[in-house]
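Reading through the C-alpha cells given below for one structure.
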Amino acid sequence: MGVFPERLSTALEQRRDAGLYRQRLILESAQGPLVQVGGRQYLNFCSNDYLGLAAHPRVIERFRRAAAEYGVGSGASHLVCGHSVLHHALEEALAEFTGRARALLFSSGYMANIGILTSLLQRGDHVFEDRLNHASLLDGGLHSGARFQRFAHNDVGALEAKLRCAAGPRLVVVDGVFSMDGDTAPLAELAGLCTAQDAWLMVDDAHGFGVLGERGVGSTEAAGLDASAVPVLMATLGKALGSAGAFVAGSELLIEGLIQQSRNYIYTTALPPAVAAAGLEALSLVQEEAWRRQHLAELTRRFRRGAEQLDLPLMASGSAIQPLLVGDASRAVALSERLRAQGFLIGAIRPPTVPAGTSRLRITLSAAHSAEQVDSLLEHLAICWPED
C-alpha cells in the first residue's frame, strides 16, 4: 500500500473500532429549528445558530443586495485590494458595540486565535490556558513558541500559583463560554488576578457573543468587565450572528500590530463583502431584538427543569449549550442515532474533542425553537435515555 495509505487506513480502522468515526450530515435546507436531511425533516438541536439569525429574512436580503452590488468574492487579501467599505463598516460597528477602540475581521475563529497568539507571543514568554479551552486556542499557544502551561478548568487558585512562578511577559487565555461543557469562565476573578499579576487576559467569546449580557455584548458584559480588564477579545460571527468569520477587538495598538504581523490575516483572502453586510444586519438585530436573548434564556431554564424532573445527567451549564453526559462513546452514538430515528438531530461528542469517559450528547438551543419543541425533545429523551 505504501506508508501513507497504510497509515491512513490503520488510523481510520482504529477510529471505527473505538466508536470514534465521524460522518458528515448533508443538509438540504437552510439552518433553523427544522432542517431537512436525506429527504426527511428533523428537529435540529445541534446548531450554534443561537439567536436564529442564520436564515433571518433581513440578513438574507442584506446579503443578496450586497452580492448584487459588490459581487461574490473579495478578490484579494485585506492588505491588497480585498478590504471593502462593508468590511470596514463591520469592523467599526463591532468596535463600537464591544466598547473597544478598534476591531479586526478574520476569516474564521480558528484563524483569528492562531493569528492573535502567534503575533502576541514570543519565545521566553508565558501563556496559560484553561484545560478545556477550544482546540484553536491550544494550538495557537503551542505554535507561538512561548512557554505553554494549562491550568485546571476554571481554577483561579491553580492559575495564580502558576503565574507567581513565572517571570516575564504572561498571557492568560480562556473561553468565555466553553463549547463542550457549556459553562462560563470566572472572568471577574480572572481579570482581577491578571491585573494584580501584571498579566494580559484574552477571552474567546465565540459562544457568548450576542447571547450573554444585557445588550448581548457577551461574557465580558455579563461579568461587568470593561475593555481595560480584557485587553484581547475574540468572537465569531458564525454562531449567534448567523453569518461567518470572526473578529478581535481591542486597542489601536493591538489591532495595528495584528494587521502588520499576523500571517493568518496578511496571507488570507478577505471574506466576501456580502458576508460582512450580513454580519452588519445581524448585529443590528442583536441590538434591536432583545427578546431573542430573553426567549433563549427561558427555553434553557425550561429544558433544565424538565431534564431534572427526568433525572437526566445534565452538566452544570446555564448557557444554550446543554451537554447530556453519557460516558461511553459507543452509547453516545447509539443514543444520537435513536433520537435521529425519532426525528431529532443531536450530535454525539466523543474523544478527542472531550476527555475519554465523558462522551455526551451536545444539545444546543436556539431562540428560533418553541417551548413545544423543547418539550417534545424532553419527551423523546425520556423514551430513548434508559439503557437497553
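The values are calculated or read from the model by the stated rules, or taken from the named source; none is laboratory data. The structure presented is a predicted model; accordingly, all values stated were derived computationally and were not measured. As a convention, Cβ positions derive from the backbone with ideal geometry for all residues, glycine included, and neighbour counts pool all protein chains shown.
When residues in region 118-131 are screened for being touching a His at 6+ places or on another chain (Cβ under 8 Å) and either more than 19 Å from Ala191 (Cβ to Cβ) or free of Cβ contacts under 8 Å to residues at least 40 places away in the same chain (or both), 2 of them pass. For region 156-205, filtering for residues that are within 18 Å of the chain's Cα centre (by Cα) and not hydrophobic (A, V, I, L, M, F, W, C) leaves 10. Pairing each residue of region 29-48 that is without any contact (Cβ under 8 Å) to a residue 60 or more places away in the chain and assigned to a loop (DSSP other than H, G, I, E, B) with any residue that is surrounded by fewer than 18 Cβ atoms within 10 Å (Cβ to Cβ) and not basic (Lys, Arg), provided the two are 6+ apart or on different chains, yields C-beta distances under 8 Å for Ser29/Gln36; Ala30/Ala55; Gly38/Ile26; Gly38/Glu28; Gly39/Glu28. Of everything in region 19-28 that is assigned to a loop (DSSP other than H, G, I, E, B) and surrounded by 15 or more Cβ atoms within 10 Å (Cβ to Cβ), the residue that is farthest from the chain's Cα centre (by Cα) is Gly19.
Residue under question is Glu256, and the condition is that it be of a type in the set (D, E, K, R) and under 30 Å from His126 (Cα atoms); does it hold? Judged against the criteria, Glu256 is a match.
When the helices (runs of 4 or more DSSP H) confined to region 279-388 are screened for residues that are touching a helix residue (DSSP H, G or I) at 6+ places or on another chain (Cβ under 8 Å) and under 29 Å from Gly218 (Cβ atoms), those reaching at least 2 such residues are found at 291-309, 371-384. Condition check for Ala68 on (1) in a helix (DSSP H, G or I); (2) of a type outside the set (D, E, K, R); (3) buried (at least 16 other Cβ atoms within 10 Å of the Cβ): one failure, at (3).
When Ile259 is tested against the conditions (1) more than 30 Å from Arg64 (Cα to Cα); (2) surrounded by fewer than 18 Cβ atoms within 10 Å (Cβ to Cβ); (3) touching a residue at least 40 places away in the same chain (Cβ under 8 Å); (4) not basic (Lys, Arg), the lone failure is (1).
Within region 146-164, not a single residue is in a loop (DSSP other than H, G, I, E, B), charged (D, E, K, R) and surrounded by 24 or more Cβ atoms within 10 Å (Cβ to Cβ).
Let's see how each residue does on (1) surrounded by 22 or more Cβ atoms within 10 Å (Cβ to Cβ); (2) of a type outside the set (A, V, I, L, M); (3) in contact (Cβ under 8 Å) with a residue 12 or more places away in the chain; (4) assigned by TED's automatic domain parsing to the domain that holds Gly218:
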{"position": "Gly327", "(1), (2), (3), (4)": "no, yes, yes, no"}
{"position": "Ala334", "(1), (2), (3), (4)": "no, no, no, no"}
{"position": "Arg338", "(1), (2), (3), (4)": "no, yes, yes, no"}
{"position": "Ile349", "(1), (2), (3), (4)": "no, no, yes, no"}
{"position": "Thr353", "(1), (2), (3), (4)": "no, yes, yes, no"}
{"position": "Arg360", "(1), (2), (3), (4)": "yes, yes, yes, no"}
{"position": "Ser376", "(1), (2), (3), (4)": "no, yes, yes, no"}
{"position": "His380", "(1), (2), (3), (4)": "no, yes, yes, no"}
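Just one of the listed residues (Glu221, Glu214) is part of a helix (DSSP H, G or I) and of a type in the set (Asp, Glu), and it is Glu221.
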